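The values are calculated or read from the model by the stated rules, or taken from the named source; none is laboratory data. Owing to the predicted nature of the structure, the values given are computational and were not obtained by experimental measurement. Here Cβ is always computed from backbone atoms with ideal geometry, including for glycine, and neighbour counts include all displayed protein chains. Side chains included, ligands, DNA and RNA excluded: accessible areas come from the protein's heavy atoms. Shrake-Rupley method; radii C 1.70, N 1.55, O 1.52, S 1.80 Å.
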Amino acid sequence: MDAKPSIAKSLAEATGLSETELLGYIETPPERAMGDYAFPCFRLAKALKKAPAAIAAELKEKLVLPAGIERADAAGGYLNFYADRADLARKAISRVLFEGDSYGGSDVGGGKNVCVEFSSINIAKAFHIGHLPTTAIGHALNRIYKALGYHTIAINHLGDWGTQFGKMLVAYKKWGEGKPIEGSTVRELVHLYVRFHEEAEKDDTLNAEARAWFRKIEEGDAEAVDLWQRMKDLTLKEDGEVYKLLGVSFDSYAGESFYEDKMQAIIDELDDKGLLVTDKGAKIVDLSAYDMPPCIIVKSDGATLYATRDLAAACYRKKTYDFVKSLYVVAYQQNLHFRQFFKVLELMGKDWVKNCEHVNFGMVSMEEGTLSTRHGNVVYLEDVLKASIEKTLEIIKEKSPDLENKQEAARAVGVGAIIWGVLYNSRIKDTSFSWAKVLNFDGETGPYAQYTHARCCSVLRKAGGYEKEGVDYSLLKEVSAAELIRAIAALPEAVKAAAEKNEPYLVARCAIDVASAFNKFYFECRILDEVPGVRAARLALTDAARQTIKNALYLLGLEAPERM
RNA sequence: GUUUCCGUAGCUCAGCCGGAUAGAGCGUCCGCCUCCUAAGCGGAAGGCCGCGAGUUCGAAUCUCGCCGGGAACGCCA
């Protein structure tokens, strides 16, 4: 479908230059009227000692046009190529319709394993909007890699260990009023946690008590472990509802506690390899040779740290899954941590660390200030999703009063709007949470893409089917149709690039391009009441647009309802 | 202070492995539903691409410096 290689071959024959070099020069003109491919002749000006415009004119005469290219025009220093539109349309549309739900993907992954660590919620803490980026990005990447033929392992690296559980136990025992954990809510636990910090300000002995209780958990004290496990169960059950709403699932919930018994081996290995140094009572790996602060492996009180657990987890994952890639979808605040931790793996001789990647993203802040579970300043993700669904339901009632299953459509669109909000920009951007922004469904939004999809479905439904064989694609001669075809054809490359850069927004932009192009096409061209040949061609194009939007949305973790 | 990321329209952002008049959405203003879903389409207004040098035939894009903002910087995760 991509004619660049054949153009490069023709150019190579005409100029005697390297085909691969020429291929790299071929670009896409900024406007459709300028053709489908462009070769800038400026690059040859020096070597050939001629003006670019003259080179373009000369090449135009000398060149033997490859198949699929109708003509070439010299324009300034550019040689513009015009593709055979009917050929392009036929190839693009039939490919989409043939591949169906798998269009956009490929089999390059060959079933090899990719680990994707994301979401990583904390037990007994709020599932708040700060967890949305990692959850949405990780989930999207999981689907994108799967679509490319990889076998993925979605890992929720639970924050289920540490002194905060000692604090939780103290608070629960002191102020929980004997209410069984199963009958409580995570929010109640969060209130207890907030209260602990308030009280501990006044009474420092509480902190000592908390440490003691955490020690009990570590030592396997029956009561302590039981309470901890029940808090964990409660959190997973409640957060499971949010995941269900989001359509997110995991293959592994191996969190911090899972690696408790796997860290000593790492510490020993570091020691054996002579990497461990004792400094100020702590065991560290010195990274000053790499302009980084040391990586602390064991604290002076003998306790392990985040880095120790991450080392154990990385080695465990390599051993268990033998991944070709291991992603960590974690906020950019931890950039240094990941650089240190990867460097330590490298020093340990784990050459596979080159396949580990920190997929970082920007912060979510509140217009009112920073998010903090400790201070009770949180916006629960569940509340955001519910508000979005509620607003969507109102819009549906107003715009589609006859729609059955309004609630179901509202859920798909309301949740989609929220997920989209995270995925339509590059990861690194910081975002500030605002209800107004989150609940705006106009323009480049998830609902817009979903709406366009539903519009396609509606047309196809009313058409009652069409003759898919022998469609005459040369009848799609409008500029708006050509633009739509180009947008549709762009998905596979977008998915590939999204995986290479771990940037789901590339797929989101592609979805918007198709939606926007379809809406223009839809406005300009009648579909159903056309003569049979044109009708069939336009329906096939509509069908391809529908499929492309659906697939792109799926890769991002959004549903594509057929009516809304 | 050091390291690092970011700085493009009033706002939110694409474009950044150099190339044709710098794009989109939101917001503002103006049009378009007797016709396939108006969550739509069209138009207008709105830009020293943070600033200054350098490299180049050509710089929003590459390099350096500066300014502004975020983040991290040894026993939290």
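The set of residues in the stretch A:507-564 being near RNA strand B (Cβ under 8 Å from one of its atoms) and of a type in the set (Ser, Thr, Tyr) consists of A:SER516, A:TYR522. The single residue among A:ALA410, A:ALA436 that is open to solvent by less than 20 Å² (accessible area, probe 1.4 Å) and either touching a residue at least 40 places away in the same chain (Cβ under 8 Å) or near RNA strand B (Cβ under 10 Å from one of its atoms) (or both) turns out to be A:ALA410.
Which residues, counting only those in the stretch A:55-105, are closer than 19 Å to A:ILE485 by Cβ and of a type in the set (A, V, I, L, M, F, W, C)?
Within the stretch A:55-105, A:ALA67, A:ILE69, A:PHE81, A:ALA83, A:ALA86, A:LEU88, A:ALA89, A:ALA92, A:ILE93, A:VAL96, A:LEU97, A:PHE98 qualify.
Could you please tell me which pairs satisfy a Cβ distance under 6 Å, a separation of 6+ or placement on different chains, a first residue in the stretch A:36-54 that is over 30 Å from A:ILE485 (Cα atoms), and a second residue that is more than 8 Å from RNA strand B (Cβ to nearest atom) and of a type outside the set (Val, Ile, Thr)? Note: pairs meeting the criteria are A:PRO52/A:CYS41. Can you name the number of the only condition in (1) of a type outside the set (A, V, I, L, M, F, W, C); (2) within 13 Å of RNA strand B (Cβ to nearest atom); (3) touching a residue at least 40 places away in the same chain (Cβ under 8 Å) that A:LYS501 fails? Unmet condition: (3).
Check the stretch A:39-52 and report whether any residue there is within 28 Å of A:ILE488 (Cα to Cα) and either of a type in the set (A, V, I, L, M, F, W, C) or surrounded by fewer than 20 Cβ atoms within 10 Å (Cβ to Cβ) (or both). Yes, the stretch A:39-52 contains a residue that is within 28 Å of A:ILE488 (Cα to Cα) and either of a type in the set (A, V, I, L, M, F, W, C) or surrounded by fewer than 20 Cβ atoms within 10 Å (Cβ to Cβ) (or both).
As a summary of the residue check, A:ALA89 satisfies the conditions (1) crowded, with 16+ Cβ neighbours inside 10 Å; (2) more than 11 Å from RNA strand B (Cβ to nearest atom); (3) over 40 Å from the mean Cα position of the chain (by Cα); (4) not charged (D, E, K, R) except for the one numbered (3).
Open to solvent by 10 Å² or more (accessible area, probe 1.4 Å), within 15 Å of RNA strand B (Cβ to nearest atom) and touching a strand residue (DSSP E or B) at 6+ places or on another chain (Cβ under 8 Å): is that true of A:GLN340 in this structure? So A:GLN340 passes the test.
Residues to consider are A:LYS462, A:LYS437, A:LYS477; find the one that is more than 25 Å from A:LEU141 (Cα to Cα) and part of a helix (DSSP H, G or I).
Result of the check over A:LYS462, A:LYS437, A:LYS477: A:LYS462.
Condition check for A:LYS237 on (1) under 30 Å from A:ALA560 (Cβ atoms); (2) touching a residue at least 40 places away in the same chain (Cβ under 8 Å); (3) not in a loop (DSSP other than H, G, I, E, B): one failure, at (2). Small (Gly, Ala, Ser), within 13 Å of RNA strand B (Cβ to nearest atom) and open to solvent by 40 Å² or more (accessible area, probe 1.4 Å) - does that describe any residue in the stretch A:445-461? No, the stretch A:445-461 has no match at all. Quick one: in the stretch A:270-286, of everything that is open to solvent by less than 70 Å² (accessible area, probe 1.4 Å) and assigned to a loop (DSSP other than H, G, I, E, B), which residue is nearest to RNA strand B (Cβ to nearest atom)? Step by step, filter the stretch A:270-286, then rank; the result is A:GLY281.
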